[in-house]
Each structure stands twice: as C-alpha cells, then as structure tokens.
Amino acid sequence: MVFLHEEGMLGCERIQTAKRHFEKSPWKFHHSEHVSRGRVNPYPYNSQDFYYTSEDLPLWAVRQVHYGKEHIRLVVFASEENWSDMVHFYKLIIGTEPELQRNDFCLFTVHTHSHYDIQFALKRLQSDTKPRPLECIKIQFRVTDVGHIVPLFPNVCKPLSDTRWETTDHDGNTIVLEVSGSMSMTSEKSASSNVSRHRSDRSDRSDKSGNSERSSETTSSHSDKTIELSGFYV
C-alpha cells in the first residue's frame, strides 16, 4: 500500500492519477473495502480499492495520508485463530514493540527516510475468512542475529546460505532472515545447533500431543531493519 499526501485545492489529483494507473493493463481490480454501515467516509477521494496483476502476487492499493510522512506499507493478513501468535512472531523478528496495536491491526515502522517511511503491518481477518499464503512470495527481514530467536519459532528454520535462513509463520507465509554484521558467522553456528535442537523438540512434542508448542517473546531493538519482498529491497 502506498500512502500519499494530498495538498491544495487540486490535491486529490495525485491519488486519482495513481488510481488510473492501476486501472490500466496489466492491473486488474480485485476488491474494495467499504465503509462500515452508519459511518460516513470523510475523505471520498481516499480510494478503498485493491488491485493485482496475478493471483500469485500481492495486492496493491493507494491511500491518502493525512499528516506526517508518506508511507510504503507492507500488510500481511492474518487469520483470527493465529492473530496473537502472529503478532508475537513478528515482534520477535523486528525486535520492537509495534507503534500501533489494536485488536485487529498491528503496525511497525521498519525503516525511515527523509520524506517517507517503510512500514510493516498485520491485519486480522474475520473468522470466516482464511488467508492464502503466496508460494512465490518471500518476505525477507535483515537481523543482527538469529541464534537467540530461532528456538522460539513455531516452525523449522533451515539455512539457505551462510547468512540467510528460511522459516514460515503461523499462517504459512515464507519468511527469510538475512543475518548482517560481524556476528553473522557466530550466529550461524549457534542457530544451526538451535535448529537441530528445535526440530528434535518439535518431534518429541508431536509424539506426545500431536500439536507443536508455540512460544514467542520480544527482543531488543535492531537497527537498520529492512524488508525485502519478491526480490526487491524497500
């Protein structure tokens, strides 16, 4: 989602121009979020429409930002049954408390530029709607260490290279962790041991109860956090 400022008498033209771009090929209309019954939308030019190019790629949208910086926001829709676990999982990876948290929405600012911010958000779906993980999409986070957080993941975390690890969240979305900094090699050795132990622990728990234990906790803040989506850093 791209959040743009609108200023002046003709300010709405920025959003309308962006919306017209999404109305052209190869973009297609996907769905619209409607204002709740009994409420009036005070910003009629603030489009609630979502667009896409393929069922296997993320949705895109343009929104109006009313104050502060402009934003590029990556939103992951989460199932109601896994909502609490998903929030704790991404707190663990990002290493900070969310700037905004409600019972159906959670927002982190992961990178700041002079004129815009990069945001990561979770949005809880209704109980009758289930999220569909995109197999061709991987969300990559840059972290300083993985050894202390891998044992707390709900699923197995496997090495892709000397500095990159892959796992999945509670809803099945693929997550890649890129280890940066001078401690990366030490972290790899520690994480490798933890992954093996974590896999063994999961097998033992599965034999006893058929369900894996989910545990998570927050960590200290990481600097220069970055999200990579579909091969592009933002």
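The values are calculated or read from the model by the stated rules, or taken from the named source; none is laboratory data. Everything quoted here is computed from the prediction, not taken from an experiment. Every residue, glycine among them, receives a Cβ derived from its backbone with ideal geometry; neighbour counts consider all protein chains shown.
Residues of the stretch 131-154 that are within 26 Å of Leu59 (Cα to Cα) and either among the basic types (Lys, Arg) or in a loop (DSSP other than H, G, I, E, B) (or both): Pro131, Arg132, Pro133, Leu134, Glu135, Cys136, Ile137, Lys138, Arg142. When the stretch 162-175 is limited to residues that are over 17 Å from Val87 (Cα atoms) and touching an Asp or Glu at 6+ places or on another chain (Cβ under 9 Å), the one that is surrounded by the fewest Cβ atoms within 10 Å (Cβ to Cβ) turns out to be Asp162. Restricting attention to the stretch 56-95, the residues being assigned to a loop (DSSP other than H, G, I, E, B) and among the polar types (S, T, N, Q) number 2. Applying the set (1) in a strand (DSSP E or B); (2) surrounded by fewer than 18 Cβ atoms within 10 Å (Cβ to Cβ) to Ala121 leaves exactly one unmet item: (2). The selection criterion, being touching a strand residue (DSSP E or B) at 6+ places or on another chain (Cβ under 9 Å), among the β-branched types (Val, Ile, Thr), at pLDDT 90 or above and surrounded by fewer than 17 Cβ atoms within 10 Å (Cβ to Cβ), holds for Val156. Go through the stretch 56-69 residue by residue and tally those that are surrounded by 14 or more Cβ atoms within 10 Å (Cβ to Cβ) and not β-branched (Val, Ile, Thr). Looking only at that region, the number is 7.
Would you please name the residue that is farthest from Arg124 (Cα to Cα), looking only at residues in the stretch 70-103 that are among the acidic types (Asp, Glu) and either in contact with a helix residue (DSSP H, G or I) (Cβ under 8 Å, 6 or more places away or on another chain) or surrounded by 17 or more Cβ atoms within 10 Å (Cβ to Cβ) (or both)? Of everything passing the filter in the stretch 70-103, Glu97 is farthest from Arg124 (Cα to Cα). Residues satisfying the criterion are absent from the stretch 41-55 (criterion: of a type in the set (Val, Ile, Thr), at pLDDT 80 or above, surrounded by 11 or more Cβ atoms within 10 Å (Cβ to Cβ) and outside any loop (DSSP other than H, G, I, E, B)). Among the residues of the stretch 130-142, those identified as in contact (Cβ under 8 Å) with a residue 40 or more places away in the chain and surrounded by fewer than 19 Cβ atoms within 10 Å (Cβ to Cβ) are Lys130, Pro131, Pro133, Leu134, Glu135, Cys136, Ile137, Lys138. Can you find a residue that is assigned to a helix (DSSP H, G or I), hydrophobic (A, V, I, L, M, F, W, C) and under 27 Å from Ile149 (Cβ atoms) anywhere in the stretch 102-116? No, the conditions are met nowhere in the stretch 102-116.
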